[in-house]
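Each reported figure results from applying straightforward, stated rules to the coordinates on display, with no laboratory input. Everything numeric in this text was worked out from a predicted model, so none of it was measured. Neighbour counts run over all protein chains shown; Cβ positions are idealised from the backbone, glycine included.
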Amino acid sequence: MMIPAIAIHGGSGTITFGTKDSELKKQYLEALNAVLETGFEALTRGQSATECVCEAVRNLEDCDLFNAGKGSVFTAMGAHDMDAAIMDGKTLEAGAVAGLRGVKNPVLVAYDVLQNTPFVMIAGEEAIEYARHRDFKFESDSYFFTRLRYDQWQEIKGDGKMQLDHSGEGAKFGTVGAVAVDTDANVAAATSTGGMTNKAWGRVGDSPLIGAGTYAKNSTCAISCTGHGEHFIRRVVAYDVSCRMEYGGETLEQASNKVIHESLKRVGGEGGLIAIDSSGTICMPFNTEGMYRGMKNRTQTFTRIF
């Protein structure tokens, strides 16, 4: 058994770096490695998988390189609407938030919903009020401002279009997530996102939806997805992987690859996922040009962009 173990992602899509971008690429890899090291060290200290995926995603939210938390994209109104979810594979308890504004770390609020309410998901203005009531940290608009996200918004602002986080050279699906298995062989998953650039009407993607973008069950696996959310919702991607294992007898690798490369692709869905089971097996399939991803166990550390 390769436990404990952790895997993380920072989005998928058309990820290209020119010859002048070596420093930026280095920053992405260093960010992924730092989160992996911190998360794995916590696992070896005996922290639960649920605690560790929450902390890993919080750290990714604090990095403005990724479309979550600090680096979230702009909505049509020039705001930052953030979603997050977390699930405990041992208890099947879950917490999720959608449409948070001003909250520094949405994943912490999602975890609080799991721990301290009878609900699975809260959304909108009342979710923001809940975060205030629970004394979570809020930041000003300037904290969430990044030139890259602002310029992306300006390109399509006012034309009624929405688009997934992109670099100008192709689509890039900016979501962050983590999956882990702890020393007790319990699994967990967490996902966080800033959603789509110029999104309107309170659009919510797959990230905070249990079974679509996030799922965890000890007897099967833990999953965090990144991609075109509407397709992941329609295909119930995260739960589909688990079901293929539970009812179809497929391995984690078989189930993950079939969902991403066959089932999802048949309906035009683009993206990827990270998955882990209770033995520490990790799969990170994607059907896009690349995916920010990494994993760590007792014998291996792996980070990759393409």
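In order along the stretch 271-286, phi translates into HN-Hα couplings of x, x, 7, 10, 9, 9, 10, 6, 8, x, 5, 10, 10, 9, x, 8 Hz, rounded to whole numbers, per the Karplus curve 6.51 cos²θ - 1.76 cosθ + 1.60 with θ = phi - 60° and x for Gly and Pro. Within the stretch 1-125, antiparallel bridges make up roughly 60 percent of the DSSP beta bridges whose residues both belong there. Normalised by 2.2 N^0.38 Å, with N the number of residues, the alpha-carbon radius of gyration of the stretch 245-294 equals 1.15. Taking every DSSP beta bridge that has both ends in the chain, the antiparallel portion is near 95%.
Take every pair of alpha-carbon atoms less than 8 Å apart whose residues are at least six positions apart; their mean separation over the length of the chain yields a relative contact order of 26 percent.
Compare the peptides 35-42, 268-275, 79-86 by average per-residue count of other Cβ atoms within 10 angstrom and give them in order, highest first.
Details: 35-42: 20.0, 268-275: 25.4, 79-86: 29.1.
The most tightly packed comes first, giving 79-86, 268-275, 35-42.
Expressed in units of 2.2 N^0.38 Å, where N is the residue count, the Cα radius of gyration of the chain is 0.90. Dipole orientation for the chain: of the candidates 306, 84, 208, 306 has the Cα lying most toward the positive pole (charges on Cβ; Lys, Arg +1; Asp, Glu -1). Sorting 111-121, 212-222, 237-247 by average packing, meaning the other beta carbons within 10 Å per residue, from highest down gives 212-222, 237-247, 111-121. If you take the Cα centroid of the stretch 77-98 and the Cα centroid of the stretch 223-251, the two points sit 17 Å apart. Ranked by the mean number of other Cβ atoms within 10 Å of their residues, highest first, the peptides 92-100, 176-184 fall in the order 176-184, 92-100.
Dividing the Cα radius of gyration of the stretch 1-47 by 2.2 N^0.38 Å, with N the residue count, gives 1.48. Cross-link check: pairs 70/199; 20/296; 70/137; 26/265 evaluated at a Cα-Cα cut-off of 19 Å; pairs beyond the cut-off: 20/296; 26/265.
So if I take the alpha carbon set of the stretch 1-109, get Rg, then get Rh from the Kirkwood formula, what is the Rg over Rh ratio?
Details: Rg = 15.5 Å, Rh = 15.4 Å.
Answer for the stretch 1-109: 1.00.
How big is the dipole moment of the chain about its Cα centre under a simple scheme where the beta carbon of each Lys and Arg is +1, that of each Asp and Glu is -1, and everything else is neutral? Debye, nearest 20, please. Working shown, then result.
Numbers: 30 positive and 38 negative charges, 88 e Å.
Roughly 420 debye, rounded to the nearest 20.
Taking amide H atoms as placed 1.01 Å from N in the peptide plane, the amide H of residue 206 lies under 5 Å from those of 229, each 5 or more residues away in sequence or on another chain.
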